[in-house]
Structures are given as structure tokens and as C-alpha cells.
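Derivation of every value follows stated rules applied to the coordinates shown; laboratory data play no part. On a predicted model such as this, the values are computed, not experimentally measured, just so you know. Note: ideal-geometry Cβ built from the backbone for every residue, glycine included; neighbour counts use all protein chains shown.
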Amino acid sequence: EAGVVQSPRYKIIEKKQPVAFWCNPISGHNTLYWYRQNLGQGPELLIRYENEEAVDDSQLPKDRFSAERLKGVDSTLKIQPAELGDSAVYLCASSSTAFYGYTFGSGTRLTVV
Amino acid sequence: GENVEQHPSTLSVQEGDSAVIKCTYSDSASNYFPWYKQELGKGPQLIIDIRSNVGEKKDQRIAVTLNKTAKHFSLHITETQPEDSAVYFCAASKGFQKLVFGTGTRLLVSP
């Protein structure tokens with residue numbers, strides 16, 4: 001079974017530019033998460049989806065970040081405009097109702113210059 | 001909200017030694033405690049987890065213990081090998097709600 005697939009793996013952009021990340025969760029996993037991991041830190045939740053519904057987006061900086069999960073499968077996370085402080089690894093994870101544990105993707109490393 | 005503290009931040013051991021990483025959590029309602037291993041350039045990988053109705057769980061060379069009264073849990077790795085070198089994260093959650101992660105422990109196993 002394929003794991004959680006994220007793309008791109010790396011992205012370098014200039015500040016004030018837009019950027020988007022894509023995530024394909026494990027088939028059948030109805031819960032999808034976006035986490036941000038700053039260098040030397042643990043991941044922090046940005047948004048959690050149950051199927052198509054965002055059920056926890058309290059940590060998402062809504063002035064510049066947006067996310068969507070169409071048809072309850074793939075998801076995209078967008079930043080517009082990007083700031084220097086957005087440099088981090090953006091991790092997508094998924095889980096099923098039968099199992100608490102998450103499966104993480106390899107992440108997208110964003111560098112804003 | 002939940003706060004998870006993790007110690008030590010770095011841990012160096014000789015191959016074959018045991019390694020112990022400790023975490024404390026603040027929210028007594030948390031009931032799920034996983035441990036993740038993260039290798040360079042990869043996402044965190046679940047290695048073992050424990051629920052609040054269990055005090056200890058073991059899987060080959062790794063084990064996790066949970067003390068609900070004291071609100072702390074620990075990861076134990078025995079007979080460490082160089083391939084165990086990685087960053088380890090503990091986390092806590094209430095059911096399917098968000099995982100709150102510790103700050104990580106960099107484990108280095110020297111041959």
C-alpha cells in the first residue's frame with residue numbers, strides 16, 4: 001500500500017510569493033492533518049479534516065494560509081503571500097477511525113528567501 | 001491546552017546499551033500516547049503507542065510505560081543499534097483530536 005504522498009519535496013520561493021502543497025492520504029483514511037515542523041521542533045497542527053470538513057483549524061493563520069480537501073480525499077495547503085517565518089517542513093498525515101495512529105508523509109521543505 | 005515536555009534533548013549511547021526518553025503531559029484527559037521516530041529528510045514514523053488503560057507495552061526491543069497519576073510516559077530501547085540513531089518524538093492526544101508533540105530527542109548510537 002502506498003503511504004501518504006506529498007509534493008513537492010522541496011520548494012524555494014521569494015517572500016510575498018504564493019506557494020501550494022499537495023497531499024494524497026492513504027486510501028480509506030477519512031481524517032487528514034496538516035502539520036508544520038520548524039527546525040529542531042516537534043510538529044504542530046495547522047488543520048484537521050474529517051472527510052471534507054475542517055474540524056480544527058484554530059492554529060491555521062487564516063490571513064495568509066488556506067486549505068481545502070475536495071471530495072474528502074486529496075488536500076492542498078496554500079500560503080499567500082509567504083513570509084520569511086514560514087520556512088519550515090509542512091507535513092501531511094492521515095488516519096482512520098479504526099486506529100488512532102497517524103501515518104505521515106515525507107513532508108515538503110519550504111524555504112522562503 | 002495540552003503541553004508535552006520531553007527530556008533529554010540529546011542522548012548518546014554505545015551500541016548495545018539501553019536508552020530511555022521521558023515525557024510529561026499536562027492534560028489529564030489525554031488518553032493516547034504515541035512515539036515517533038524521524039530520520040533525516042523523512043516524516044515521523046510511528047514506532048509504538050499506548051492508551052491510557054494500559055500501563056506498559058512492549059514490541060521487541062522497544063517498550064513504553066505510562067504513569068497516569070504522575071502524567072508521564074517513557075520510551076525504553078534495549079540493545080541499541082546504530083540504525084536506532086534518529087530523532088524521537090513523544091506525543092499526547094485525546095482520542096482523535098490533535099496530537100501535541102514534545103520537542104524531540106536526538107539519539108546517537110555509536111558503534
Across the stretch B:48-58, what is the number of residues that are within 10 Å of chain A (Cβ to nearest Cβ) and surrounded by 15 or more Cβ atoms within 10 Å (Cβ to Cβ)? 2
Which one of these does A:ALA82 not meet: (1) free of Cβ contacts under 8 Å to residues at least 12 places away in the same chain; (2) over 20 Å from A:GLY101 (Cα atoms); (3) surrounded by 14 or more Cβ atoms within 10 Å (Cβ to Cβ)? (1)
Could you tell me whether the stretch B:87-107 includes any residue that is under 13 Å from the mean Cα position of the chain (by Cα) and either more than 14 Å from chain A (Cβ to nearest Cβ) or without any contact (Cβ under 8 Å) to a residue 12 or more places away in the chain (or both)? yes
Evaluate the following for B:THR65: is it buried (at least 17 other Cβ atoms within 10 Å of the Cβ) and without any contact (Cβ under 8 Å) to a residue 24 or more places away in the chain? yes
List the strands (runs of 3 or more DSSP E) that sit entirely inside the stretch A:35-113 and contain at least 2 residues that are within 14 Å of chain B (Cβ to nearest Cβ). A:44-50, A:53-56, A:88-96, A:99-104, A:108-112
Considering only strands (runs of 3 or more DSSP E) wholly within the stretch B:8-107, the ones with at least 1 residues that are in contact with a Phe, Trp or Tyr (Cβ under 6 Å, 6 or more places away or on another chain) are B:19-25, B:32-38, B:45-51, B:62-67, B:72-77, B:86-92
Against the condition more than 10 Å from chain B (Cβ to nearest Cβ) and in contact (Cβ under 8 Å) with a residue 24 or more places away in the chain, how does A:SER27 come out, does it pass? yes
